[in-house]
Amino acid sequence: MKPRPFSASPPLAALAPVALAAALSGCMMIDNAPINAPIESELANTTTDVVSPEAGDMLVGVTFSGGGTRAAAFSFGVLQGFADSNIELGGGKTANLLDRVDFVSGVSGGSVMAAYYGLKGRAALADFRERFLIRNAEESMYSSAASPVALMRALSGGANDRSNLPQWLDKNLFEGATYAQILARKRPTIWLNASDIINHSPFVFEPNTFRAFCSDLSKLPVSEAVAASAAVPVVFAPVTLQTYPENCRYEFPPWVRFADEQAGAPALLKSYARALKSYRDPSKVKYLRLLDGGLTDNFGLSGVTIARAAAETPYAPLSPRQAVRLKQALFLVVNAGQGSNKDWALSPDTPGFSAVLSAVVDTGIDASVRQGYDAFQMTMNRWQQDIVEWRCKLSSAEVMKWRGTMAGWNCRDVKFHVGQVAFDQLPDKRERLEKIATRFVLPTEEVDLLIEAGREVIRANPVVNGFLHGLRPGGARPALAGAQTLKKE
């Protein structure tokens, strides 16, 4: 609550400090109750598909970076750009790139767009601008450190908690929706990303993660997951999840033991495996604490990278049927990151405390996203090679089983297009875009600039255009030269 103003008349003046202390004490109480529920059925959270079974000969994945409303608006423009992009399917038929998206991963501000698109699909484009982008999502928040209440709450763990942004999001945007509604849509798969500050690792809101600590993701309010993904340290208190390992049986996948024990396992996989193991051990973790996903992965790439690194087949997380039919894949990072502060390089003045603290956080995030993106690119390149090698070892009977025909079969005809869209790809708008603040309230003209930038960058991006060209009849070229000589039965 906010302290009420009081009158310091002479008879009451001596009570003023006591009254203020009491008011501040009440306002300092942080709501850190767990946001999740225990599992009630062994059948809950059984969804394991990363890619919808509906995926055909193409695969489209997109990740939305952090950056408050700035990131949400830029991502919204990208989806509008997808809606403007038609795909030629042959025989005079066309489809829309927006409707062929298979998975979306969101972080912080980008998670708002990801979650809303996951709930409403194409309909999200009709009202997201009015319901969120040009609204003030900070109206119920302590957003100024100048307030004594905000400062004292920040020192107690965070200026804002569940009573602020999550409630605003639920009331104004998500309307009581739970993750069950996202899971029920099947396509696209939606991953929201936070940071597990107990294990110093990424935390992905997806069924397999929640299964590990016997919690029911389907009952989780979408607004709570989005707020956890956007919980900037100090501005927000850590979000709490409770573990319930006694409520269900759980067997760790083989990769967990490998990653935990083998020195050569990828560092990200090792970190995630150890986090999953800790969730099953009440002596180590009873309560998880989550903060902004940007602390560990501001591009939201961990989910895909982990799913592939943990795969026990050359094609996983695709099914054999999907891997045989696949021809073109697009993996696009929507980067709404902020540029460096050039003003410091032009002034002899030493930056203040808050500016330096912000720069330290930004430096750490920027370094991690560069490393994460490089690792992601290598993972995707290796995955493409693994699929080609696996397909070229298939017998004709196996190809027929999963593809249904041998007509036009070329085991090497698989191409992964990996890239990112960012402000620096729009030279005429870059300076204005990078100056836009990373808050949850922006002037309408800045919101519209970001939306148009998202649409424009899709039209101009060579990776997107290369993917679309490859889908045209006769436009695709094999990733590796040469066709397969099928094995004899």
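The values are calculated or read from the model by the stated rules, or taken from the named source; none is laboratory data. Bear in mind that the values here come from a model prediction, so they are computed numbers and not experimental data. All Cβ positions, glycine included, derive from the backbone under ideal geometry; neighbour counts span all protein chains shown. What goes into the accessible areas is simple: the full protein's heavy atoms, side chains included, and nothing from ligands, DNA or RNA. Shrake-Rupley method; radii C 1.70, N 1.55, O 1.52, S 1.80 Å.
Details
- Among the conditions (1) out of contact with any strand residue (DSSP E or B) (no Cβ under 8 Å at 6 or more places or on another chain); (2) open to solvent by 40 Å² or more (accessible area, probe 1.4 Å); (3) polar (S, T, N, Q); (4) at pLDDT 70 or above, the only one that THR379 does not satisfy is (2).
Listed here are the residues, each with its yes/no results for (1) closer than 21 Å to LEU192 by Cβ; (2) of a type outside the set (A, V, I, L, M, F, W, C).
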{"site": "PRO254", "(1), (2)": "no, yes"}
{"site": "LEU268", "(1), (2)": "yes, no"}
{"site": "SER271", "(1), (2)": "yes, yes"}
{"site": "PHE299", "(1), (2)": "yes, no"}
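- Of the residues screened, ARG325 is one that is in contact with an Asp or Glu (Cβ under 9 Å, 6 or more places away or on another chain) and closer than 30 Å to GLY470 by Cα.
- Screening ALA397 with (1) assigned to a helix (DSSP H, G or I); (2) among the small types (Gly, Ala, Ser); (3) modelled with pLDDT under 95; (4) open to solvent by 40 Å² or more (accessible area, probe 1.4 Å) gives one miss only, at (3).
- Condition check for ALA180: modelled with pLDDT of 95 or more and either within 20 Å of THR69 (Cβ to Cβ) or of a type in the set (Asp, Glu) (or both): no
- Here the condition is being of a type in the set (A, V, I, L, M), modelled with pLDDT of 90 or more and in contact with a Gly (Cβ under 8 Å, 6 or more places away or on another chain); of VAL304, VAL324, VAL333, VAL369, it holds for VAL333 alone.
- Among the residues of the stretch 178-206, those identified as touching a residue at least 60 places away in the same chain (Cβ under 8 Å), surrounded by fewer than 19 Cβ atoms within 10 Å (Cβ to Cβ) and part of a helix (DSSP H, G or I) are GLN181, LEU183.
- Residue match in the stretch 84-104 (condition: open to solvent by 10 Å² or more (accessible area, probe 1.4 Å), of a type in the set (Gly, Ala, Ser), at pLDDT 95 or above and closer than 23 Å to ARG129 by Cα): no
- Evaluation of VAL361 against (1) open to solvent by 50 Å² or more (accessible area, probe 1.4 Å); (2) at pLDDT 85 or above; (3) β-branched (Val, Ile, Thr); (4) outside any loop (DSSP other than H, G, I, E, B) (one fails), failing number: (2)
- Yes/no for ASP281 being among the acidic types (Asp, Glu), open to solvent by less than 30 Å² (accessible area, probe 1.4 Å) and out of contact with any Leu (no Cβ under 6 Å at 6 or more places or on another chain): no
- Among residues of the stretch 232-279, those that are at pLDDT below 95 and part of a loop (DSSP other than H, G, I, E, B), counted: 14
- Residue check for LEU276: out of contact with any Pro (no Cβ under 6 Å at 6 or more places or on another chain), open to solvent by 30 Å² or more (accessible area, probe 1.4 Å), within 15 Å of PHE203 (Cβ to Cβ) and not charged (D, E, K, R): no
- Flag if ARG432 is assigned to a loop (DSSP other than H, G, I, E, B) and among the charged types (D, E, K, R): no
- Residue selected from the stretch 284-297 under the condition assigned to a loop (DSSP other than H, G, I, E, B) and open to solvent by less than 10 Å² (accessible area, probe 1.4 Å), by the criterion nearest to ALA194 (Cα to Cα): GLY293
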